[in-house]
Structure formats: structure tokens, C-alpha cells
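This report concerns only the one structure given below.
The values are calculated or read from the model by the stated rules, or taken from the named source; none is laboratory data. None of the values given here were measured: they were computed from a predicted structure. Cβ placement follows ideal geometry from the backbone for every residue including glycine, while neighbour counts extend to all protein chains displayed.
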Amino acid sequence: MGFSERNYARSVRGGQPPLPPVTKALLIINGGIFLLDLMLRPTQGYSGVELPGPFEQWGAFQVSTGLLGGRIWELVTFQFLHAGVMHVFLNMMAVYFFGPWVERWWGSRRFIAYYLLCGVAGALFFSLLLGVRLLPNADMHTPLIGASAGVFGLLFAIYRIAPETRVSLLFPPVTLTMRKLALIVAGLAVLTILGGLLFPNSLWFANSGGEAGHLGGALMGLLLMRYPRLLRKGGSWTTGRKILRPKQFRRRRHEEKIRPRTTVDLHSESEVDRILEKVTREGLGSLTAEERKILEQASQRS
């Protein structure tokens, strides 16, 4: 069986494989919770004013309850709650497009840890800025909900993995590299926080607390992508390699192409299978330099 014919090799070759398991689960769980919360949400008397649904009442993050009140689970549960249809739609659209890239890089188990830690960092960064009084339009009882902090972690993971990859946005309808997209959204978040500080009553900067959460997720994402050993255990998991930029990757592949390819013939089909199964199970980031070389040579041979 050739390298490109193995179904678990498609993630390496950049085809159109099915959604990986954790990404699919995130889409289902977030969508399901939103629909249930919407159906169970009460109204206030005859006024028709909507009150928070039961999931939001129990799981939204507030500094007063999540940190000071001992409801630590709010650091995780708020990530699965959303304020409206567009809120959940845009976040899940980002998870759908960015999640598979990052899950295949980390592997499923470490991907869920990465995603949730970015969300937790968003809540903690919001709490930090609130504590130092940089969010005048929020207080300890302001609820924080949404997957946006985790989504920013995904965005900045791809910024680290493939910064020159081009993406097309629905609104505005433009095409940008991941580098530019990441810098733009981070810049807008900073400007919103500064605007909320200078003009606390302006509706333009009303979501400065949410943008603080976004920045927290982005910063945690950059930290974990810079030091991936923080999510790995055991010598076989730690490579300490710097993440290759596309130009560096192409240069290395060119250097390997002009060398005599004799070592690949020494590796059996079972060795290539073992490496590809490791990629499926643990992600591309888990491979050693020798395993990457074997995989690339097998790709050239097929």
C-alpha cells in the first residue's frame, strides 16, 4: 500500500480528511448546549425579557464566584456557553476551520488540553485586567461566556505553525496570511481595551472585557506553541525542536532531495505504518527528527 493511500496519512499530505475527534466533539457539544440553554431559558413575567438560561446561570465565569466563591469549574464551563446565534456560529466556524490543523499537530489528547488551557487563560487574564482596573466597564459580577479565548489559541497556533498560509474571510471578503490575520485581531483587541479605558461609556468599546479574554487565550497559545514540552511527558515526547516556518521547511526538503536516498529502502512498511499511527495518535509535533526524515522520504518515494 502506497504512502498516500493510507487513510491516516491524509492529514500529513494535506488532503480533505474527516474532522478529527476532538474538533468534532467541540462542535457537537457547543451546539447542543446552546440549543438546550435556548429552549430552557425562562422569560420574566409578561415583559418577554429573556433571563439567563440554566446552563449560563450555572456555568458562566464571574470573578466573584469563579475565583472568590470557589466555583472553579466556571473556568472551563464558560467556554461552552454563548450569548446568541451569531456568537456560537462564528466561534464554531473558527473551530471547524482551525481546529483540525491544530489537533493534528498536537494529537487529540494534547489538543483538548491546549484548547481548554487557552480558555482558562482568557478568564484569568480578564480577572487580572479587572483587578488592576483596566476594565472600567466591567466588575466582579460581569459574566464571561464564549469559546473565543480557545479560538484565539487556535488562531495563534496556526500563526506559529504556518504563518504564511492564506485564508479567505467571509466578512470582510478579503484574503490574508495567518500572520496578518493574527496581528490584526490582536491589535483590535488591544485597541478595544484601551478604548474602553479611555471611553468607558462608549458602545464601541463595550466588549473590552471579552477582548481581554481573547488576548489571554492568544498569549497562552503562543506560550504553549513556543514551549510544547509543557504539554508533553516522557523523553520520547520531547524533541525541543523549533517550529519550522514554510521557507525553512522548503529549504530543508530541498537539501534532502539532493542527497542520495538510500536510507529509506532500509525501512520496512511496518516502520512507516508505526510512524503514521503515531502522527494520528499524538500529532506531528511528537515526531523525532529521524521519524520526520523517514516520513518525508516515504512521501517522496510514493
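Determine whether S127 is in contact with a Gly (Cβ under 7 Å, 6 or more places away or on another chain), at pLDDT 95 or above and of a type in the set (S, T, Y).
So S127 does not fit the description; no.
Considering segment 132-191, and only residues there that are of a type in the set (S, T, Y) and more than 14 Å from A218 (Cα to Cα), the residue that is surrounded by the fewest Cβ atoms within 10 Å (Cβ to Cβ) turns out to be S168. Considering segment 217-247, and only residues there that are surrounded by fewer than 16 Cβ atoms within 10 Å (Cβ to Cβ) and either in contact with a Pro (Cβ under 7 Å, 6 or more places away or on another chain) or hydroxyl-bearing (S, T, Y) (or both), the residue that is modelled with the highest pLDDT turns out to be Y227. Looking at the structure I just gave you, is V88 at pLDDT 90 or above, of a type outside the set (K, R) and either surrounded by 13 or more Cβ atoms within 10 Å (Cβ to Cβ) or under 20 Å from A113 (Cβ atoms) (or both)? Taking the combined requirement at face value, the residue satisfies it.
Checked against the criterion of being of a type in the set (A, V, I, L, M) and farther than 30 Å from F171 by Cβ, the candidates L116, L90, L75, L81 yield just one match: L75. Could you list, in sequence order, all residues of segment 57-74 that are farther than 10 Å from L144 by Cβ and either of a type outside the set (D, E, K, R) or in contact with a strand residue (DSSP E or B) (Cβ under 7 Å, 6 or more places away or on another chain) (or both)? Within segment 57-74, Q57, W58, G59, S64, T65, L67, L68, G69, G70, I72, W73 qualify. Of the helices (runs of 4 or more DSSP H) lying entirely inside segment 1-71, those containing at least 2 residues that are closer than 22 Å to Y114 by Cα and modelled with pLDDT under 95 span 10-13.
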